[in-house]
Every structure is written in C-alpha cells, then in structure tokens.
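Remarks on the structure that follows.
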Number of protein chains: 2
Amino acid sequence: MDLDAVRTFVAVAAAGQFQDAAAALSITQQAVSKRIAALERDLEVRLFHRTARGARLTVDGQAFLPHARELLRVAARADASVRPGRRALRVDVHSRRTAAGVLLQEFHRTHPRIELDVVTLLDADVHAATAAVEAGTIDATFHAVPLPERRLPAGIRAARVIDERHEILVGPRHPLAERRAVTPAQLAEHRIWMPGMAAGTEWADYYDELADAFGLTIDLVGPVFGNEALLAEIAESAELATLVGERSRYLWPDSYDLRRIPVRDPAPVYPMSLIWRADNRHPGLGALRTHLKAAREVTPAAKVWLPRWTHRSA
Amino acid sequence: MDLDAVRTFVAVAAAGQFQDAAAALSITQQAVSKRIAALERDLEVRLFHRTARGARLTVDGQAFLPHARELLRVAARADASVRPGRRALRVDVHSRRTAAGVLLQEFHRTHPRIELDVVTLLDADVHAATAAVEAGTIDATFHAVPLPERRLPAGIRAARVIDERHEILVGPRHPLAERRAVTPAQLAEHRIWMPGMAAGTEWADYYDELADAFGLTIDLVGPVFGNEALLAEIAESAELATLVGERSRYLWPDSYDLRRIPVRDPAPVYPMSLIWRADNRHPGLGALRTHLKAAREVTPAAKVWLPRWTHRSA
DNA sequence: GCGAGTCACAACCGTCGGTTGTCGCGTAGG
DNA sequence: CCTACGCGACAACCGACGGTTGTGACTCGC
C-alpha cells in the first residue's frame, strides 16, 4: 500500500471526481486514474463507482475512507515527530513508570493537541542529559539538579517541578505490612533492597545519603532479573522491602499481594527539576512548564528530608 | 514517506543491524541500506548510528519508532478493512446518531479487538440492504423487517434486537415543555414536524401509521436544512415538536434549550432487526449478535404500540 | 444528435529501487 | 602491532514503476 495512493484516494473521495482531485494534487487525471487503479489492484477491491459524472465511493471505499484518513494523520504525526524545525516536543525521562513519566502521560491526556515524544537517553546522567538539551536533540529532561557548585551551562534553565515522596513496597508477611505509614527511623531495623542501582548514579547517591542520615540498610547491589522478579521476591519475603516513588506505577498481577506504605515524618523527597534551553521557543514547552507548575504538590518544608547535594531553588 | 521504508526501519530497529533485517525482509543488505538512507533523507534526520557492530537508534530514531509502529498498525487495519476474505466486520446503519449507531459504538468500545466498519448504504431500504447482505458487500444491517408476506430470502436471518421507544423534542416555550412524560393521545393536539422523511420509506410508513392510530398530525414534508437548523427551529417555536429515538444522540450547542420528553402509555416502538447471512462465519458477527441480545431492553408488550407491518418474531 | 464532460487505455520516458560487486572502517584476536 | 572478519556504504547496472501526452469510449443534457 502506497501512501501517495492513499492520499489520492482521499482526495478523490473528497472531490467526487478524478479531475478535480488531480488538479488539487497537481498531477494529471491519468495519473490519478493509475494510482487509484493500483490501489484497487493492491487491495483486491473496487473503491469507486466510475460514472460519467465522476466517481462515487463503493461500500468498500466507504469502509476504507476513515482508515485512509487515520493513516494519513498518523503519517503526519510520525513525520512531525522528527522533522527538524517543527518536530514534536521531545522530553527525556529516566523511566515512564516513575513520577515524571506519569506526569507526562497526564500532560498528554490534557493536551492532546501537542505532539509529544517521550524518549529515554541511554546511560545519561544530569550532565549528559543537559548536554543533549543544549545540543537541541531533546527539548527537556527531568533530573535532580546538583547544587550550583557546578552551575548550569549558560542558556540552560531549570525549575523544581516534582517533589517525589516515597512509599515502601512490602509483602503481606512483612512486619510493617499493616502500618498506615512508617517513619524513616522505623525502617532502620529492616532491610531495604534496591537491585540494579549502579553505584555513582544520582539515584544511588540519593539512597546512600538517605541510608546515612537515618542509619538504614539499603542494598543497592544484586542481580537484576527485571521488575517482575523483584516484585515476586518482595511479595514472598517477610523481610525484604523496596522503596518506590509515591506516584510511580508498577503494574503487577493480582496474584501478588503487595502493599504500598507511605514514608513520613520526615518524608524523604527526591527533588526533580525540568531542564530546558532558555531560547527554546517550542510552544509545547511553555504548556508543559505551566502544567507541571500547576500539578506540583508542595509538602511543608519541616516535614521533608532532602539530600544535601541538590539544587534548592524553586 | 514510504511504508516499505518504515517497515524496514522497524525491522532494523528490532534486529539491531542491517544484515539481519535484510534477511528477515528477504532483500539484500544494500537494499536495506538504501531504504534507510532514503527515509533519513526524506525526514531530514539521522535515524541510526552506524557502527562496526550494527546500527543503534539515535534519539530521533527512538522518537520515531513508536510512530512508525503505529503507522504500520494503522496500515494493517486499513488493509484489513477491505481485504476480501478477512476484512473487518461491516455493518450498515441508516444513521450513526440513532439507536443502532449508538449500540454499535458501544459494541466497539467493549470489543476493541474486533475490527469494525460502520457504513451507510445510500438510498437503501430493507430490500436493498438485504440484497447487499446477500451479496456479501456488508455483513449485517439494521432494519425493521416487514411481515413475512414477503419472506426473507433463503439463507438470510433476522433477529429483533432493538425496540426503540421515542421522545419528543421541544423548546422551552412549548406547552408540553414541563411534562415528565406524554402519551401519544396527548400529542394529537400538537403539531409534530419531521422534515426530510421521504414518502415511501420505512420510517415515513411508520410515522403515517402512528399518526393514523392516534389521530396525530405528523408533518413529514418541508425543506431540509440539516439537523442544526431543525433543532434551532424547534428550540424557538412554541408549537413545533419533533420525535426522536430514545437512544439517539443529537448534539446541539448549549445555547439551544431543548427538552426530551418520553412518550409512554403506550410507548410507540420502532422494532429493528439485525439482518445477516446464515452462512457468514465472520467471528465478529457472533460477538455482535451476543452483544445486542444482552443489550436489548424489552418493554412489556401491554405498554407498547407496534406498527402492524413489521415482523413480529423475536 | 452532438458537444461537453467523465474515466480508461496506449505509448513513451525518466526515475527509482532492486541486484551484484567492491571498498573503507572499526573491532577483535593472534 | 598487524591482520582477519564483519559491518555498512558506494558504484554500476537493469528492470519496473509512475509520471506525462494523446486518444478513445461512454454518458448525460441541451
């Protein structure tokens, strides 16, 4: 199936005759005739009734038309997603399942008109992601911004948009399973398991500092067999717990009886900023910033714990 | 943008290298190279990093990939919608806004996996539609089936699936505007306007018989300026009313203050059947029949009025 | 019956997309 | 360090496809 043929089909359906469609497409009537004939041969079905007054859709043509329109729309979106100059808003998130991803999905739902592409830079820390923003390959990224010892490059802006609190995830046999909330101090006696956190990453640094601050045992090592395996292990265990972002979404089969219990007093918070180029005029970027600003839930300062190394600015 | 190129792009992204993708597509590596190069030239963007070990997606490629997949999915659906042999379930309804259309939409929502095409045969009465079912151009149609004086053709089946009751649509100044319900007899004093009902159609016959039975004045003539104009007229008028199916959906701007008032005791019912070929093995057809059976709301026989000419069978 | 309109068919031709053959280059291994 | 292997790119060739112009068959309306 050829997209040009589909475009021609839609043009003919709209015009009601080959000639006008040909004019609209700036080709000859004969070319239109050939394209339609080729499409009909390809689909093995007749799309138009030819009359002396023009062309009318057959039942098959009628059935095909909305699909053809959809096809062209999707093709236009696909094109817009990468076309330099007016491509879709491209935002980098570390994972779609954590707060930033969830917020982006929400943004997409409330702003269906804004073309949005969510990508994940491979092995990118704040600096690599910021470099990508600077280079223009992405329009924005979500990261915790380190204290301004190392200032952001000129022309780069950042704004705190997510204060992600945490919950522990435990199985039914875990001692804390029935709590409505736990404090960080209460977690000291229990083992917390976060496999797959490579040392040296921002997240590993965060959990290290958190462990230090409250005397926790946070296990960052261990083989990674995927989320499914981790969840199964947690559900079975009477000792293991893992930390998840409050707004993260991990789907698990109903057979796993897992509970999410908020960590409060103080609530450890992973502060994420949106990072973008000051001179980026993409209309979707402004909308995204406005949306994130509105969606931000600020917890009173007294009740949160923040890592020392992060950028404090709003 | 060429669909073959897009298919190739997806294959390369999956394989991680040109050679394997070429093998999977049964073409040479050189052809793959050309197709990708053409796509990149077309989109004015680099999609892959070429290395000595294969090809890795660039950020642009990563952004493009889901759109490319979607494009292929939509193309496959478009193809399936008309491909003889295994095309989508094709159902004819007179209007998408009336009960049959609304039920089909509901069916589509609850059965997203079943490819469904809703078409409207032009100028087709029961017999023309039945002929289309017989010929196989459509899988099913909704119509009131006349009494078996003229029996259905051999191999054609019909089942009553919709008993559509009615409501009158009136503006705020109409004498009946504040009623919670009206009887057909009460309508006798008022003028009912149904423009655009060509004489001789099933619907016109129905309204004729209804008018006779209760001494109503139903005006089937009048110029047709579209639904919008009709609704505007009704909303303004203190005398005009029009009949609509209970489950029909007409959207109007909020500025029109229109009320829908059920007609009951007895409730005139337009009985519609689904008509299909007994030997049609399309899997969606069975699902549709089951769905319609479950959705059917049967009003006690004593409380309904049915036209004499319709097929009484369940 | 004829003219004006429709679409289809035929002939022609350039371009595009496929193939085969070869090269440059980066990585891995001796 | 140098070589051998594997990857993708480039070049030359060729057939097929899609565009054009010219023409024919057909229908409708005056």
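The values are calculated or read from the model by the stated rules, or taken from the named source; none is laboratory data. These numbers come from a predicted model, not from an experiment. Please note: Cβ atoms are built from the backbone with ideal geometry, for glycine as well, and neighbour counts cover all protein chains shown.
Considering the range B:60-72 alone, what residues qualify as being more than 7 Å from chain A (Cβ to nearest Cβ), farther than 13 Å from A:Arg77 by Cβ and not hydrophobic (A, V, I, L, M, F, W, C)?
Once the filter is applied, which keeps residues that are more than 7 Å from chain A (Cβ to nearest Cβ), farther than 13 Å from A:Arg77 by Cβ and not hydrophobic (A, V, I, L, M, F, W, C), the range B:60-72 yields only B:Gly61.
Name the strands (runs of 3 or more DSSP E) wholly inside the range A:10-118 in which the number of residues that are within 9 Å of DNA strand C (Cβ to nearest atom) and touching a Lys or Arg at 6+ places or on another chain (Cβ under 9 Å) is 2 or more.
A:48-51
Looking at B:Leu220 and the list (1) out of contact with any helix residue (DSSP H, G or I) (no Cβ under 8 Å at 6 or more places or on another chain); (2) modelled with pLDDT under 90; (3) not hydroxyl-bearing (Ser, Thr, Tyr), which single condition is not satisfied?
In the conditions (1) out of contact with any helix residue (DSSP H, G or I) (no Cβ under 8 Å at 6 or more places or on another chain); (2) modelled with pLDDT under 90; (3) not hydroxyl-bearing (Ser, Thr, Tyr), B:Leu220 misses (1) alone.
If you go through the range A:117-135 one residue at a time, do you hit one that is within 30 Å of A:Val74 (Cα to Cα), at pLDDT 90 or above and within 14 Å of the chain's Cα centre (by Cα)?
no
Any chance the range A:194-207 includes a residue that's at pLDDT below 85 and closer than 20 Å to A:Pro262 by Cα?
yes
What do you reckon, is A:Arg113 farther than 30 Å from A:Arg7 by Cβ and more than 14 Å from chain B (Cβ to nearest Cβ)? I'd like the intermediate steps shown before the answer.
Values: farther than 30 Å from A:Arg7 by Cβ: no; more than 14 Å from chain B (Cβ to nearest Cβ): yes.
No; evaluated as a whole, the condition is false for this residue.
Out of B:Ile114, B:Ile192, I need the residue that is in the same structural domain as B:Arg259 (by TED's automatic domain parsing) and not basic (Lys, Arg). Which one?
B:Ile192
Check whether at least one residue in the range A:117-127 is within 23 Å of B:His67 (Cβ to Cβ), away from chain B (no Cβ under 12 Å) and touching a residue at least 24 places away in the same chain (Cβ under 8 Å), and report yes or no.
The answer is no, given that none of the residues of the range A:117-127 is within 23 Å of B:His67 (Cβ to Cβ), away from chain B (no Cβ under 12 Å) and touching a residue at least 24 places away in the same chain (Cβ under 8 Å).
Here is a list of conditions, (1) small (Gly, Ala, Ser); (2) closer than 19 Å to B:Arg83 by Cβ; (3) near DNA strand D (Cβ under 9 Å from one of its atoms), and A:Ser33 meets all of them except one; can you say which number that is?
So A:Ser33 meets the others, but not (2).
Can you tell me which residue among B:Arg87, B:Arg96 is modelled with pLDDT under 85, in contact with a helix residue (DSSP H, G or I) (Cβ under 8 Å, 6 or more places away or on another chain) and facing chain A (nearest Cβ under 8 Å)?
Unique residue meeting the criteria: B:Arg87.
Just for the range A:1-23: of the residues that are away from every other protein chain (no Cβ under 14 Å), free of Cβ contacts under 8 Å to residues at least 40 places away in the same chain and of a type in the set (A, V, I, L, M, F, W, C), which one is nearest to A:Arg53 (Cα to Cα)?
That would be A:Phe18.
Among the residues of the range B:230-249, count how many are at pLDDT below 80 and buried (at least 18 other Cβ atoms within 10 Å of the Cβ).
Of the residues in the range B:230-249, 3 are at pLDDT below 80 and buried (at least 18 other Cβ atoms within 10 Å of the Cβ).
Among (1) at pLDDT below 90; (2) surrounded by fewer than 19 Cβ atoms within 10 Å (Cβ to Cβ); (3) outside the structural domain of B:Asp279 (by TED's automatic domain parsing), where does B:Arg179 come up short?
For B:Arg179, the failing item is (1).
Filter the range B:128-162 down to residues that are among the β-branched types (Val, Ile, Thr) and either free of Cβ contacts under 8 Å to residues at least 60 places away in the same chain or more than 26 Å from B:Val269 (Cα to Cα) (or both), then give me how many there are.
Residues flagged as among the β-branched types (Val, Ile, Thr) and either free of Cβ contacts under 8 Å to residues at least 60 places away in the same chain or more than 26 Å from B:Val269 (Cα to Cα) (or both) within the range B:128-162 amount to 2.
Among the residues of the range A:76-95, how many are out of contact with any Leu (no Cβ under 8 Å at 6 or more places or on another chain) and surrounded by fewer than 23 Cβ atoms within 10 Å (Cβ to Cβ)?
Residues flagged as out of contact with any Leu (no Cβ under 8 Å at 6 or more places or on another chain) and surrounded by fewer than 23 Cβ atoms within 10 Å (Cβ to Cβ) within the range A:76-95 amount to 9.
Would you point out the residue of the range B:36-59, among those that are within 8 Å of DNA strand D (Cβ to nearest atom) and farther than 19 Å from A:Arg83 by Cα, that is farthest from the other protein chains (Cβ to nearest Cβ)? Working first, answer last.
The initial filter retains those residues of the range B:36-59 that are within 8 Å of DNA strand D (Cβ to nearest atom), namely B:36-37, B:48, B:50-55.
Subsequent filtering for residues that are farther than 19 Å from A:Arg83 by Cα retains B:50-55.
Working: B:Arg50: 16, B:Thr51: 14, B:Ala52: 18, B:Arg53: 15, B:Gly54: 15, B:Ala55: 14 Å.
Across the range B:36-59, the extreme among qualifying residues is B:Ala52.
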